[in-house]
Amino acid sequence: MKLTPSAEQEQFAAALHAMLTEADIPTVARQWAADDPAPGQVLWRRLAELGVTGLAVPARWGGLAAHPADLVVACEELGHHALPGPAAESIAALPMLLTTLGDDALCETWLPRLANGEVIGTLAVPPHVPYATDADVVSLVLRADEQTLRLGVPGPRRRSVDDTRRLVEVADGALLATGPAVGPAVGHALNAGALACAAQLLGAGHALLETTLRYAGQRTQFGQPIGQFQAVKHQLADVAIGLEFARPLLYAAAVALADHPTTTARDVSAAKVACADAAQRAARTALQVHGAIGYARESGLGSWLTRIWALARTWGTQSWHRERIRTALATGALT
Amino acid sequence: MSPVGTMNLDLDHETRAFRAEVRSWLAANVPTAPLPPVDTPEGDRAHRAWERRLAAAGLSVVSWPTAYGGRDVSPLQWLIFEEEYHRARAPVRINQNGLFLLAPTLFTHGTAEQRARLLPRMARADDVWAQAWSEPEAGSDLAGIRSRAVRTDGGWLLSGQKTWSTRAAQADHAFGLFRTGVDRHRGLTYLMFDLRAAGVTVRPIQQVGGATGFAEIFLDQVFVPDADVLGAVDQGWTVAMSTAGHERGLSLRSPGRFTAAAQRLVRLWCQAGTHTDPALSDRVVAGWIAARAYQLHSYGTATQEAADRTPEPPPPPGRADRPAQAGATALRGSGHAASMTKVFWSELDVALHEVALDLLGPHAETGGLRADSAGRAGDAGGADAWLDGYLFSLAGPIYAGTNEIQRTVIAERVLGLPRGRR
Ligand SMILES: Cc1cc2nc3c(=O)[nH]c(=O)nc-3n(C[C@H](O)[C@H](O)[C@H](O)COP(=O)(O)OP(=O)(O)OC[C@H]3O[C@@H](n4cnc5c(N)ncnc54)[C@H](O)[C@@H]3O)c2cc1C
């Protein structure tokens, strides 16, 4: 089992990083939040060109049928840049849901278009994902529970602390699927969404660590860079440790999602818990080390902070994920 | 007799009656719907009007001497007032920088003329005050400030830039430190100035939650009369450290705020029905314990303060310097013990709100976009209030001297460890 990115994965990440760096995400994100999703939608097409949107789509439906580890690599990069849009939903959960459900008509209708970037999709899976993120600006909205899969009808919008997350309440629309196949498919989608979410959290945490290291080297107080104070150094070291040891859990979860159904729940949950904790520590430290300027909106730190606060509690709360691990451990899934 | 004996948590009759009076007045008068956000024009008006109502009822500044509109209550009764105030979810005190920071400084360092002129107006929020200390290049390193006051006929001319000044966008006056000499600490003077004076420009700054809770202040040859120097010229650092003691200690963030938040947290926890997650339950319990610890610690401090005010009987022969007492007095008396309080309440505040958000789960991120920079702790049910409260709590370890600075102060000044290089 290999728990570090391969050379190809690193190249893929680098290409994605270069594209996103050039794309001026802060401006795109502001527009997305301010009801101007067009530039964001253009950006999602560029993601499609790089293959990101087709990673979890089978070759038969025009995708790359990539390993979930590739999905992790991509989502970490998206989190690193705080890309607006329903990434966990459209890139991970929806393709996995439709593929696992195995309804050819549904697959044929949606998967090729999700893969080529023509369609961005989102879904609500109450109670874990109570709102369909960005449902008012994307073209596929689903609503799933243990028994049924339906189209979702967008209703009132709720604001998020992260103003790029357009949270929309969705009502039941046309029934798409029901019966015993739905439960496992939705379960698989939840795992995929949680994994993608964890990867974004890790990426966002790293972005904050890098920004904060830069700031600590530049800002001087008492005649020296604040990074020279041990109190600052130790906090940043702890952030680095948290992120470093969350990553192997993330890759292990990707491997489990691909090949080890009996440990998937446990491993995905371990990844989500560790990445969310590490990212939240990164967020607190970033704010603390920046001082008041981090608290001012114009510093831009808020894009990552608010994303982390939101993602840490969606696609399963920490409590729910810990409970899944407890159950798995108690029932002897010890491998 | 102290109202709280060492081993007795019962309040005396007078204190209980005071609590009952405050509770019933608040029950009858606290607006049922929250006031508009304090940083909006409607909110500014509503919060000032609320202060006038409190003042008319004699409840705006209960710990002040009666001559300035107070009731001269004991430190313990002040704590009780604060408990009741937060328990009732009464509006945020728009003038808290004046009431909790400047006023105590005026009592210690101001002249009788300044007190008579400024305090009654402050008590009614006729004048709302902002604290103008920080500068772009001087945050933690407060003595590094560059804004200067230059002597002129009958007063001073202020020039420079202040920043992160809470409420400055709507306040009437500000107090701050200005450079009047070259010596790092002994070349600073504490001055009060009119935010509407010629030469003052205020630019509101948006905070991470969207509220414009603080502002930058640009000063260009702003005239300040001699009467508005607080303390002696060039002695501003000493005066500022006395303000800072109030900012870090009980005054700015009284325990009542956190006991109320802890109670709401417990209610949220019961409602959420998530008793089953032991990790979350443990954090609820830990938050409750810490809030109670702060409350009890403050009772002890307040009672001691009251005792210190009354003349001590001479010590019985041979027992004048019991080591335990000497140790306790040294800790409290160092003036730096407030740093311990500051680290404690600010970490507690973050912890209480973090658990609440975790209890709210995926609903935590919704609602309450506006983090008020003097925000109120959250409601039991509302995600909005908890989210606002969380954003606000995150600033606690930064303002009033960051917790990194406080820990160094505690280690060096309270515990007596060797001073490090700065
Ligand atoms: C919500 C809010 C409201 C505020 N309101 C006011 C107000 O009303 N009036 C006002 O004047 N100011 C106000 N401030 C500013 C506040 O006082 C400063 O933020 C604070 O003093 C820290 O300064 P700084 O932000 O420049 O951070 P810096 O001093 O640049 O510190 C950055 C980081 O370096 C660390 N650091 C710095 N020096 C040391 C050291 N020697 N050892 C170890 N670590 C160190 C700090 O702890 C921090 O983590 C407010 C701030 C906030 C966030």
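Structural remarks
- Computed from backbone phi with θ = phi - 60° and the Karplus coefficients 6.51, -1.76 and 1.60, the 3J(HN,Hα) list for segment B:286-303 is 4, x, 5, 4, 5, 4, 5, 4, 5, 4, 5, 4, 5, 4, x, 4, 5, 5 Hz; x is used for glycine and proline.
- Compared with the dominant principal axis of the Cα atoms in chain A, helix A:68-80 is inclined by about 50°.
- Debye intensity ratio in log₁₀ form over the Cα atoms of the protein assembly as shown, taken at each q of 0.06, 0.08, 0.09 Å⁻¹: -0.41, -0.71, -0.87
- Fluctuation leader among B:164, B:25, B:288 - chain B, Gaussian network, Cα springs under 10 angstrom: B:25
- Normalised by the number of residues in segment B:13-94, the average gap of Cα pairs under 8 Å and 6 or more apart makes the relative contact order 37 percent.
- Candidates A:22, A:146, A:210: whichever shows maximal mean-square fluctuation once chain A is modelled as a Gaussian network with Cα springs under 10 Å: A:22
- Placing +1 on each Lys and Arg Cβ and -1 on each Asp and Glu Cβ, with no other charges, gives the protein assembly as shown a dipole about its Cα centre of roughly 1600 debye.
- Residue of A:126, A:95, A:156 that the Gaussian network model of chain A assigns the largest fluctuation, springs spanning Cα pairs under 10 Å: A:156
- Between the helical axis of A:38-49 and the longest alpha-carbon principal axis of chain A there is an angle of about 80 degrees.
- Annotation for the B:A interface, with buried accessible surface near 3800 Å², both sides summed [1.4 Å probe; non-protein components not counted].
- Here the contact order of chain B, divided by its residue count and restricted to Cα pairs under 8 Å and six or more residues apart, works out to 14 percent.
- With a Cα cut-off of under 29 Å and a minimum spacing of 8 residues unless on different chains, the lysine pairs in the protein assembly as shown number 5.
- Dimensionless Rg ratio for chain B, taking C-alpha atoms and the 2.2 N^0.38 Å reference: 1.00
- Centroid-to-centroid separation of segment A:142-214 and segment A:38-67 [C-alpha atoms, Å]: 18
- Averaging the Cα positions of each part gives two centres, and for segment A:217-270 and segment B:160-222 these lie 39 Å apart.
- q = 0.18 Å⁻¹: log10 I(q)/I(0) that the Debye formula gives for segment A:14-137, counting C-alpha atoms only: -0.95
- Sequence-separation-based contact order of chain A, relative, with Cα cut under 8 Å and 6+ spacing, percent: 16
- Positive dipole terminus of segment B:129-237, leading residue within B:147, B:199, B:180 (C-beta point charges): B:147
- At q = 0.10, 0.11, 0.12, 0.21 Å⁻¹, base-10 log of I(q)/I(0) for segment B:59-171 (Debye sum, equal scatterers on each alpha carbon): -0.39, -0.47, -0.55, -1.24
- Length released on extending from residue B:21 to residue B:198, taking residue separation times 0.36 nm less the Cα-Cα span: 59.2 nm
- Checking every one of the chymotrypsin sites (Phe, Trp or Tyr not before Pro) in segment A:268-335 against DSSP loop status and a limit of 15 other Cβ atoms within 10 Å picks out no site at all.
- Rh by Kirkwood over Cα pairs, then Stokes-Einstein D for segment A:203-334 at 1.567 mPa s and 4 °C, µm²/s: 81
- Reported value for chain A: 130 Å³ per residue, from the convex hull of its C-alpha atoms.
The values are calculated or read from the model by the stated rules, or taken from the named source; none is laboratory data. Quick caveat, the model's predicted, so the values are computed rather than measured. Glycine gets a Cβ as well: all are built from the backbone with ideal geometry, and neighbour counts include every protein chain shown. Please note that ligands, DNA and RNA were not included when accessible areas were found on the heavy atoms of the full protein model with its side chains. Shrake-Rupley method; radii C 1.70, N 1.55, O 1.52, S 1.80 Å.
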